[in-house]
Amino acid sequence: MFTGKTKNLAVMGWPVAHSLSPVLQMAAIQQAGLDYAYITLPVRPEDLEDAVKGLRAMQFRGWNITIPHKQATMAYLDEVDEDARIIGAVNTIVNEDGRLKGYNTDFTGSMWGLLNRGFDPDGKKAVLLGAGGAARALIWGLIKHGIDSICIGARNPAKVAPLAQEFSKYTKVESMHWETDEFRAVLRDADLLINTTPLGMAPKTEAMPPVDWADVKASAFVYDVIYTPLETMFLRTARENGHETLNGEAMLVGQGADSLKLWTGIEPDRAVMSHALHTALTTK
Ligand code: NAP
C-alpha cells in the first residue's frame, strides 16, 4: 500500500504505454519490501524540459528514460555519469536532494545478459548489426569487457562511420555494408553476432537482417536485443543452425535492476524481475 512516505519512481517516454518497466520494477520493489511506487509518464518531446523540472520539483527519487528522450534529457541534468557521456544517452536519472545525475544502465544490462549466459567478451570478436542507441550501449559494454574487435554491419555504412571512428580510440571498431564480401569475411571470424536493429520486432516478425548462416562459424553466440517476439526469426534460424542464442529479455531486466540499485542501494532480485517480465510477455 502506498502512504505519504512512499517515494516515487517512473519511466518517461513518448509513447510509453507499452513499457514493461513498471511490471519488472514493481515485482522487485514488492519482493524487497521497499516503500516505492513506479509509474509511467507519457511526455511529448516539446514538454521534456518542463517534465524534468516537474519531477525535480515533486521530489521524485528517480526515473527511467525511454524513446525518444534518452539523448535530449542530458541537456537538463546537473551531471552525467562518464559511461553515459561516452555512450551519448541516459536511461536513468537519480535525484539527490534536487541534484539530477544521469546514468546509462542499458550497457550494463546488455552485458549482464551475456555474462549470465556464460559468454565472456574478453578477447573475442563481435559483429553488430545496426548502429542506433542500443548498439552504442552494447559497443561500450563490450569494450569495457575487453572485446578484441567490433565490426558494425549496416544498410548505410556512411552514416555509421562516425560512430565507428568515435569508439575506435578504445578498440578496433569498423563499419561496413552488411551485404558485401568484406563483411562476410569478418562474419566468418566472429565469436559473437548481435542484432541491434528492429528487424523482426512485432508486428513485422517476418523481417530479419540479411545474414547467411553459412557465413557464421558454428561456435558463434547469437544475441538479439528484441524481446517481442521472444524468439525473432533471426534467433530462430540461428538456433536451427546450431548456435547458442539469447534474446532481449535479460537486457531489459539487467538495465532495470541496475537502475533500481542506483535509486535504492539494494541489489534487486533479478530472478523475480525476469519471472515478472516473462509472465507479462507470454500472457499479453
Ligand atoms: P534506433 O536508435 O532507431 O536504431 C536502429 C538501428 O537499426 C539503426 O542503425 C537503423 O539504421 C537500423 N534499422 C532500422 N530499421 C532498419 C531496416 N528496416 N533495415 C535495416 N536497418 C534498420 O533503435 P534502438 O533504440 O537502437 O533500438 C533497436 C532495437 O533494440 C529495437 O528493436 C528495440 O526495441 C531494441 N532494444 C531493446 C532493449 C532491451 O532492453 N532489450 C533496449 C533498447 C533497445 P538506419 O540508421 O539506417 O535507419
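Nothing in this text is a laboratory measurement; each read-out follows from the coordinates by a stated rule. This structure is a prediction, so every number in the text was calculated from the model and none was measured. When we count neighbours, we look across all protein chains shown, and the Cβ atoms used for this are built from the backbone with ideal geometry, even at glycine.
Think of the chain as having a plus end and a minus end, set by charges on the Cβ of Lys, Arg, Asp and Glu; of Ile87, Thr279, Ala17, Ala17 sits farthest toward the positive end of this dipole. As a proxy for reagent exposure, Tyr223, Tyr170, Tyr36, Tyr103 were ordered by neighbouring Cβ count within 10 angstrom, fewest first; the result is Tyr170, Tyr36, Tyr103, Tyr223.
Neighbours of Gly98 by Cβ distance under 13 Å: Lys/Arg scored +1, Asp/Glu scored -1, total +1. Of all lysines in the structure, the ones whose alpha carbon falls short of 26 Å from that of Lys7, not counting any fewer than 8 places away in one chain, are Lys53, Lys70, Lys101, Lys261.
Hull volume per residue, based on the alpha-carbon atoms of the chain and their convex hull, is 129 Å³. Multiplying the residue separation of Thr205 and Thr282 by 0.36 nm and subtracting their alpha-carbon distance yields 26.1 nm. Put simply, the amide H of Val11, placed in the peptide plane, has neighbours under 5 Å in Ile39, Thr40, Leu41, Asn64, leaving out anything fewer than 5 places away on its chain. Only lysines eight or more places from Lys169 in sequence, or on another chain, were considered; those with a Cα closer than 20 Å are Lys124, Lys125, Lys144, Lys159.
Converting phi to 3J(HN,Hα) with the Karplus coefficients 6.51, -1.76 and 1.60 and the offset θ = phi - 60°, region 230-242 yields 4, 10, 6, 4, 4, 6, 5, 5, 4, 4, 5, 8, x Hz in sequence order, with x at every glycine or proline. Take every pair of alpha-carbon atoms less than 8 Å apart whose residues are at least six positions apart; their mean separation over the length of the chain yields a relative contact order of 17 percent.
Put in line by how crowded their Cβ is, counting other Cβ atoms within 10 Å and starting with the fewest, Thr3, Thr66 read Thr3, Thr66. By the compact-protein rule of thumb, 2.2 N^0.38 Å, the alpha-carbon radius of gyration of region 1-144 corresponds to a ratio of 1.11.
How much FRET efficiency would the formula 1/(1 + (r/R0)^6) give for Glu49 and Ala17, where r is the Cβ-Cβ distance and R0 is 22 Å, rounded to 0.05? Walk me through the intermediate numbers first.
On the way: r = 22 Å, r/R0 = 1.01.
With R0 = 22 Å, the Cβ-Cβ based efficiency is 0.50.
In degrees from 0 to 90, rounded to the nearest 10, what is the angle of the helix 48-57 Cα long axis to the longest principal axis of the chain? For 48-57 against the chain, the angle is about 40 degrees. Treating the angle as unsigned and between 0 and 90°, give the value, to the nearest 10°, between the Cα long axis of helix 106-116 and the longest Cα principal axis of the chain. Tilt relative to the chain: about 60 degrees. In this structure the amide hydrogen of Asn104, modeled in the peptide plane, comes within under 5 Å of the amide hydrogens of Ala84, Asn91, none closer than 5 places in sequence on its chain.
Each label point was placed 7 Å from the Cα along the Cα-to-Cβ direction; for Ala214 and Ile39 their separation is 5.7 nm. The angle separating the long axis of helix 270-282 from the principal Cα axis of greatest extent in the chain is about 80 degrees.
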